[in-house]
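The values are calculated or read from the model by the stated rules, or taken from the named source; none is laboratory data. Since the structure is predicted, the reported quantities are computational estimates derived from the model, not experimental observations. For neighbour counting, all protein chains shown are included, and Cβ atoms are generated from backbone atoms with ideal geometry for every residue, glycine included.
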Amino acid sequence: MRAYDAKKGYSWSSDLFYLKGGRTTGMAVSGSTVFVAGYYGVAGSGEEEVFLRSYDAKGKGLKVDSYTGAPMAGLYPNGVKALGSKVVAFSNYESAPGVVWGSIAGFSAKTGAYLWEADYGESWQNLISSQVNDITVSGSSVAVVGYQQTADGYKWFNVSLYSAVNGSFGSAWGARGNGVGNEALAVSWTGSIIGAAGYVTDGSGNRYARAVRIIAKGKGAGMTILEDFDLGYGENRFTTVAVDKSQVYAGGQGIGDGGRQMSFIRAYDAKTTDFLWGDTFDLAGLGGSVTTGLAAAKAGVYMAGYSLSAPGVTDWFTMAYNLGGGVKWRQDLNPFNQDTNKALGVAAASSAIVAVGQYKNNDGKLKGAVQAYAP
Amino acid sequence: MTRQRGAFRVGNKLMIVAVLALAGGLLGPGPASVQAAVPQPTLIWQDVAIGIGGDNALATGVAALGSKIYVAISFEDAGHQ
């Protein structure tokens, strides 16, 4: 883990820790603690487990290196999110081969210590599996998204709220198409607006990118479908979502004309739920576009990903839009004319937009990169 | 030569000019109809070559709080990751 200042760049690095077959999958920062989540291979077992390490946010070192929940498989999504004094991690595990269950766990923002754990899915729902794909924390609540599978085999696009204080269940919204495969992949929460995005499948197997809005508090606390989006060939998904005070943004990819996999972003009015603007693109007319991250800020909305720039060659892209949908700038990255260059995430800091990812060096090795742009 | 623009130019402008010139000569122009219309961002700073000596490095997670930014990184080194 590395820490940076928005204006000055590199600040400090954490200790390196060696976990064979491991990967970091996410991180979160509260006031005084930074959490790093990931997974690693358990020696001799062929299994993978998650880890969660917490560090002092000013670089004074490791606080807690632990995860005290049930055994959990790193093959499935895991990560961590924080807001203020509330920190929640999520992970998924197999109870039997191919039978996945999601769970969430709370941690102390001050000390990094484990506090509680909760299953994703209540016993009265009579589920046969569930999977958490993303979470976000707001106030004393955590929104959890993924799928919940009922006994008839259908996977439901699901958004559930839990207490971030003790993990108790609050409320849930579920939806599905006529096909069995439906799933929420990302969630974002600003003020009273929750945006979630993923996909639903119809009875013919066509997959539509679905975005929804939930008003978390007050009147009209239902889930409204913003759009089931299709580039025309029934193979679409939203993979990321961001919410600001007035708009919900969803980003993803789908198959368009000529079999090209295109990235897209769609913006909706958070209050009226009207579609406002959208953009669909690939870098060179060759497809191969994947959207990996979305961040909303005062100056615009920012999307990260990668796309084919030549046959077999992906370039990193970071795209900036103003809030009306106009393209402000785009950064393409392939510094050594190699085949693998990918932006894997983007975040908005106070005075910079930060994209992270990897590129292939001139020695053929894959290296990590962080770039900060003026908004 | 547009595909390499902006890359690795902080504190090393001369080297980048050389890379751009060479790559541009080898690759020819990118999709000009798109790239000519889209401006580049202003690069404030960058941290690259993370995982020096190792391989399969990637910066996967990023979190920002005010002016502080934290990035999760993994890479392989001597059989470990």
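I'm checking my understanding of the structure. Among residues of region A:106-136 that are small (Gly, Ala, Ser) and either in contact with a His (Cβ under 9 Å, 6 or more places away or on another chain) or at pLDDT 90 or above (or both), which one is surrounded by the fewest Cβ atoms within 10 Å (Cβ to Cβ)? By that ranking, first place goes to A:SER129. Taken over region A:211-227, the criterion of being free of Cβ contacts under 8 Å to residues at least 40 places away in the same chain and of a type outside the set (A, V, I, L, M, F, W, C) is satisfied by A:LYS217, A:GLY218, A:LYS219, A:GLY220.
Right, A:GLN338: polar (S, T, N, Q), facing chain B (nearest Cβ under 10 Å) and out of contact with any Cys (no Cβ under 6 Å at 6 or more places or on another chain) or not? So A:GLN338 fails the test. Only residues that are more than 17 Å from A:LEU52 (Cα to Cα), more than 21 Å from the chain's Cα centre (by Cα) and not in a strand (DSSP E or B) were counted across region A:86-121, and they come to 2. When you go through (1) assigned to a strand (DSSP E or B); (2) more than 14 Å from every other protein chain (Cβ to nearest Cβ); (3) of a type in the set (A, V, I, L, M, F, W, C) one by one for A:TRP124, which number turns out not to apply? So the condition that A:TRP124 fails would be (1). Can you confirm whether A:GLY195 is in contact with a Phe, Trp or Tyr (Cβ under 9 Å, 6 or more places away or on another chain), in contact (Cβ under 8 Å) with a residue 12 or more places away in the chain, outside any strand (DSSP E or B) and not basic (Lys, Arg)? The answer is no for A:GLY195.
So if I check each of A:VAL241, A:VAL248, which one is assigned to a strand (DSSP E or B) and either closer than 20 Å to A:SER307 by Cα or of a type in the set (Gly, Ala, Ser) (or both)?
On the way: A:VAL248 fails: either closer than 20 Å to A:SER307 by Cα or of a type in the set (Gly, Ala, Ser) (or both).
Only one candidate passes the filter, namely A:VAL241.
Suppose the filter is in a strand (DSSP E or B), in contact (Cβ under 8 Å) with a residue 12 or more places away in the chain, hydroxyl-bearing (Ser, Thr, Tyr) and closer than 21 Å to A:PHE275 by Cα; does A:SER160 pass it?
Values: in a strand (DSSP E or B): yes; in contact (Cβ under 8 Å) with a residue 12 or more places away in the chain: yes; hydroxyl-bearing (Ser, Thr, Tyr): yes; closer than 21 Å to A:PHE275 by Cα: no.
No, not satisfied.
Return yes when A:ASN322 is within 11 Å of chain B (Cβ to nearest Cβ), out of contact with any Asp or Glu (no Cβ under 9 Å at 6 or more places or on another chain) and surrounded by fewer than 23 Cβ atoms within 10 Å (Cβ to Cβ) and no when it is not. It is false that A:ASN322 is within 11 Å of chain B (Cβ to nearest Cβ), out of contact with any Asp or Glu (no Cβ under 9 Å at 6 or more places or on another chain) and surrounded by fewer than 23 Cβ atoms within 10 Å (Cβ to Cβ).
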